[in-house]
Structure formats: structure tokens, C-alpha cells
Amino acid sequence: MSLFDQNQWYQITVPKLNNESMAGLKGDPQNTAAAVFFQSTNTSSPAQRWQIWHTDNDTYVLRSQASGPTGYLAVRANTTTESHTGGTTAITRQANVAGGEAFWKMNTFSNGGLGMGNLANGTDWGLFAKDEAGNRGRMAMTNNIKGEQDNQSFKFKKIEKIDDPAFSTLQTPTATPQPTGGSSQSPDSPNTTLPTFSGLSTGGKVAIGASVGAVVLIALIIGLLFFQHRRRHKQSSVESPIAGGSASKPASSYDGTVKYSHSTEQGIPQELGQQNAASELDGGSRMNELDGGRTLPAELPGSHAR
């Protein structure tokens, strides 16, 4: 649930800087980033009028009237001091080169203010306004977020309705998060059509539909090949050749007649109807060995029958 009305301009202040408000400027065509700082309050100034837009991932995107529909509150590293607290400074950045540093989390303080952190820097860092001599009013990120410090407690006060179609949609920041990026990116041409948060694009939906269709078609082809293979295998098993060149009869042609009986004299199975089948090996016969021509008795030593 959003904490703000998206059709309202807000004034942003901190208790540490009396009679001052946060201002955000717009970058020029050669520079996609611009300054964010505190200055003497003048709520009629476009730079001090902020829109707070709630996103689907429960974060907020902030833009001033001066920064325009595509100029979002973000951060970047000052390369000369990036290893020190306060080295990552607040800026406005154009949406077409912005990433996770343009999405802000709001944490409620007991004094009614809100702590602000962004996705690119993580939960261990918070936005604050500097109040020391020489840097007063400048804004940066700090990891000294213990307690509810006055220069980190941001308060939002309604100014007036926006009612401007240019601020009725939001271009989603999609670039790689740039908490340490500079302002040297080459400017991109403005996007005249501002998409809203509406899930997958039409192209994405078409691509997914085509992929699903291809998977279904491949599955059908594999299923057909498998069915044909099983059918051929079944036919070959039913009509397999036997010795003598004749084919075996299908199992369904079995007529119930017993084909084999047991000889009461020899105890060896005999096939019915075969009068010349031997029930016992001929004791006088000899078996030829393949490689030597030697003869071996057909019966085992000791005259034991098989």
C-alpha cells in the first residue's frame, strides 16, 4: 500500500535543516545526471516539488517537477571519495540509464519521518543531508544509520495536485544498477512513449506463446515416432522366423490341444505325433569335436543315462 498520493506534489524536509527543502534539477543533453541538494524553501519552485510514485515491488520512485517525467532521484559515487562515508551522492538520473539506484525503500521513524534507502546500496545504507560547514545541504548515502538521526528523517508535506498527463505514467528504470557510476554515459534519445508497470510486454507474451507451441509440437512428433516404433516391434515379435524357415503361429491360434506328453518309460518329454523322435541318445553314436576329429562317447562315464 502506498504512503503517498501519486497525484500530489510534495515538499521534502529534514529537522536538521530548518527552513530548507530538497531540490532536484534536470540534466542537460550532454549530462544525464543533475544535482540534488537542500536550499531555502520556496514551494513554488519546480525543483522543490516532488512526486512519489509507488511501484509493484513496494519501492518508490521520486521525481521533481524540474527534473521532468524521466528524471528520477538516484545516487552515484564520487570517484574521489567513494571509499568514505558520504562519497555516494544523491542526483537525478534519466530513466533510460537508471537502474536499482532509482528505487527507494521507506522506513517509518517514531517522529513521523521516513528513512530512505535504495535497492542498489542495500539496507545497510541510508540517505542523509549534510549539515557541516562547507557541505551544508548536500546529500549522500551513509552506513551510519544507527538510531533515528535528524538529518536522515525525511518529512513530506503536500503542496498541491499535479493534474499533469506528463506525470501520469512512469518509465521503468531498467539499466544495470549504478550506485558507483559516474555521469559520463552517452545520452540516449528521450523515450516519447512512457510505458507503465503492466507486466510482460506484447513481444514477451508472443515469444512465450511461440516457445510453448514449439514444445508441444516436438512432444507430438516424439510421441508419434515412439508409437510407430512400438507397433513395428510388436509385429516383428508376433511373426518371428523359426528353424526350417517356417513361421510360428500366433498365440491366438492355440486350440487347447496338449502338444507334449511325458514318456512313462524314459521320463523325457516327447512331442505327440513324432514317431521318429529319440527318447534317449544312441549308445553307439559318437560326437565329433570341432577342431580335432576326436570322438567322444555320447553317454557319460559310468553308463549313467542323461
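The values are calculated or read from the model by the stated rules, or taken from the named source; none is laboratory data. This one's a predicted model, so the numbers in the text were calculated from it and none came from an experiment. Cβ sites come from the backbone with ideal geometry, for glycine too, and all protein chains shown count toward neighbours.
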*Of all residues in segment 101-111 being under 37 Å from the mean Cα position of the chain (by Cα) and in a loop (DSSP other than H, G, I, E, B), which is surrounded by the fewest Cβ atoms within 10 Å (Cβ to Cβ)?*
109
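Each row is one residue, and each column tells you yes or no for (1) surrounded by 16 or more Cβ atoms within 10 Å (Cβ to Cβ); (2) charged (D, E, K, R).
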residue: 2; (1), (2): no, no
residue: 16; (1), (2): yes, yes
residue: 24; (1), (2): yes, no
residue: 30; (1), (2): no, no
residue: 47; (1), (2): yes, no
residue: 59; (1), (2): yes, no
residue: 94; (1), (2): yes, no
residue: 99; (1), (2): yes, no
*Could you figure out which of (1) of a type in the set (A, V, I, L, M); (2) in contact with a helix residue (DSSP H, G or I) (Cβ under 8 Å, 6 or more places away or on another chain); (3) in contact (Cβ under 8 Å) with a residue 60 or more places away in the chain isn't true of residue 66?*
(3)
*Among the residues listed as 66, 120, the single one being on the phi < 0 side of the Ramachandran plot, out of contact with any Lys or Arg (no Cβ under 8 Å at 6 or more places or on another chain) and in a loop (DSSP other than H, G, I, E, B)*: 120
*Among the residues of segment 26-63, write down those that are touching a residue at least 12 places away in the same chain (Cβ under 8 Å), assigned to a loop (DSSP other than H, G, I, E, B) and more than 29 Å from the chain's Cα centre (by Cα).*
26, 27, 29, 30, 31, 32, 41, 42, 43, 45, 49
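Within segment 131-153, track down each residue that is assigned to a loop (DSSP other than H, G, I, E, B) and under 35 Å from the mean Cα position of the chain (by Cα). Steps first, answer last, please.
First pass over segment 131-153, keeping only residues assigned to a loop (DSSP other than H, G, I, E, B): 131-137, 143-149, 153.
Of everything in segment 131-153, those that are assigned to a loop (DSSP other than H, G, I, E, B) and under 35 Å from the mean Cα position of the chain (by Cα) turn out to be 143, 144, 145, 146.
Listed residues 67, 45; which is more than 27 Å from residue 172 (Cβ to Cβ) and modelled with pLDDT of 95 or more?
Working: 67 fails: more than 27 Å from residue 172 (Cβ to Cβ).
Matching residue, one of 67, 45: 45.
Can you say whether residue 158 is closer than 21 Å to residue 8 by Cβ and of a type outside the set (Asp, Glu), as far as the supplied structure shows?
Working: closer than 21 Å to residue 8 by Cβ: yes; of a type outside the set (Asp, Glu): yes.
Answer is yes for this residue.
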*Could you grab the pairs with beta carbons closer than 7 Å, sequence gap of 6+ or different chains, first residue in segment 85-98 and within 17 Å of residue 132 (Cα to Cα) and at pLDDT below 90, second one hydroxyl-bearing (Ser, Thr, Tyr) and assigned to a strand (DSSP E or B)?*
85/142; 86/142
*Within segment 1-8, identify whether any single residue is in contact (Cβ under 8 Å) with a residue 24 or more places away in the chain, closer than 17 Å to residue 92 by Cβ and either over 35 Å from the mean Cα position of the chain (by Cα) or not in a loop (DSSP other than H, G, I, E, B) (or both), and answer yes or no.*
no
*part of a strand (DSSP E or B), touching a helix residue (DSSP H, G or I) at 6+ places or on another chain (Cβ under 7 Å) and either modelled with pLDDT under 95 or among the aromatic types (Phe, Trp, Tyr) (or both): does that describe residue 128?*
yes
*Any idea which of (1) assigned to a strand (DSSP E or B); (2) farther than 22 Å from residue 28 by Cβ is the one residue 74 doesn't satisfy?*
(2)
